[in-house]
1. Taking helices (runs of 4 or more DSSP H) that fall entirely within segment 228-336, which contain at least 1 residues that are more than 18 Å from residue 195 (Cβ to Cβ) and free of Cβ contacts under 8 Å to residues at least 60 places away in the same chain?
2. Can you confirm whether residue 254 is within 11 Å of the ligand (Cβ to nearest atom) and surrounded by fewer than 24 Cβ atoms within 10 Å (Cβ to Cβ)?
3. Can you tell which of 207, 201, 142 is over 30 Å from residue 68 (Cβ atoms), within 11 Å of the ligand (Cβ to nearest atom), surrounded by fewer than 22 Cβ atoms within 10 Å (Cβ to Cβ) and in contact (Cβ under 8 Å) with a residue 24 or more places away in the chain?
4. Can you pull out the residues in segment 128-154 that are closer than 22 Å to residue 239 by Cα and assigned to a loop (DSSP other than H, G, I, E, B)?
5. Quickly run through segment 25-39 and pick out the residues that are out of contact with any strand residue (DSSP E or B) (no Cβ under 8 Å at 6 or more places or on another chain) and assigned to a loop (DSSP other than H, G, I, E, B).
6. Residue check: is residue 177 in a loop (DSSP other than H, G, I, E, B) and within 16 Å of the ligand (Cβ to nearest atom)?
7. Among the candidates 37, 41, which residue alone is within 16 Å of residue 76 (Cα to Cα) and surrounded by fewer than 13 Cβ atoms within 10 Å (Cβ to Cβ)?
8. Is it the case that segment 264-282 has a residue that's surrounded by fewer than 18 Cβ atoms within 10 Å (Cβ to Cβ) and within 16 Å of the ligand (Cβ to nearest atom)?
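The values are calculated or read from the model by the stated rules, or taken from the named source; none is laboratory data. Since the model is a prediction, treat every value here as computed from it, not as a measurement. Neighbour counts are summed over all protein chains in view; Cβ atoms, including those assigned to glycine, are modelled from backbone coordinates with ideal geometry.
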Ligand code: AKB
């Protein structure tokens, strides 16, 4: 018999692991997880795990035939730095893989007459500011401004936002009777910081890398200039935002793509926070001009008014609470 299910793709990534932990605790869902890698030991038993490639049609057919999805959290993606090293693969995974999954959500929505929710993490990489002057002048970027991404990762995120909107509002618009369509909802995330995992392949990674290195007494050479500024958020708030958006009544949503953020820090501010808790940290700044240029094209901060107004978004962690109560104690424990 088909079981009503929540699917998490890319579960072995940073957001995927944190999301599985929270959803499994709630015990409200039959959870299926999907990733190229096996589920880490600590998570075994929390979900039915399927190991495979998002581009493998036979695995996708198996998922579609075996389960009735209520919610799909589609976290699988190549991040911005990896995407610049392998742009075609990033396009395949991030764009083609996402559309293949949207097809499943769409077909199941039509077959059951119920809108399958498709929750998609987008990113500040969907923005592209042409120069530092514009970055300073357009400080709190709104969803509709400056969407000229400079990376394959950013292009695929922006593109999938558009396709998600298309699948939710217009797919089969010429059919005699309007079909029941999937329900796409997306969050444009800032740089995310977890106490339990270290990112890889992203360009906002300089923040979390600096902190995790300091906690291990390792020297760290930061790959961006001191003055580079982007918004950040800690992982519990990222998970909270995904679940709150997924549970929000559709009639409250004025858009399908929302900015969310918590605090904005320059690389130097980040260093200051790290030094406050790890005074012996050895941090130097050795900018990599190419990765630097990517971060320069991202906004200094985000305007998340729409999320606050439509579905009550409010981060639990400002910068002080983030370091004092979540990051530092958990990271200290981790490397003790
Ligand atoms: C990356 O750096 O690629 C990601 C992001 C900001 O979306 N962390």
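1. The helices (runs of 4 or more DSSP H) meeting that bar are 235-247, 267-277, 289-296, 305-311.
2. no
3. 201
4. 142, 143
5. 27, 28
6. When the stated conditions are applied, residue 177 does not pass them.
7. Residue meeting the stated conditions: 37.
8. Yes, segment 264-282 has at least one match.
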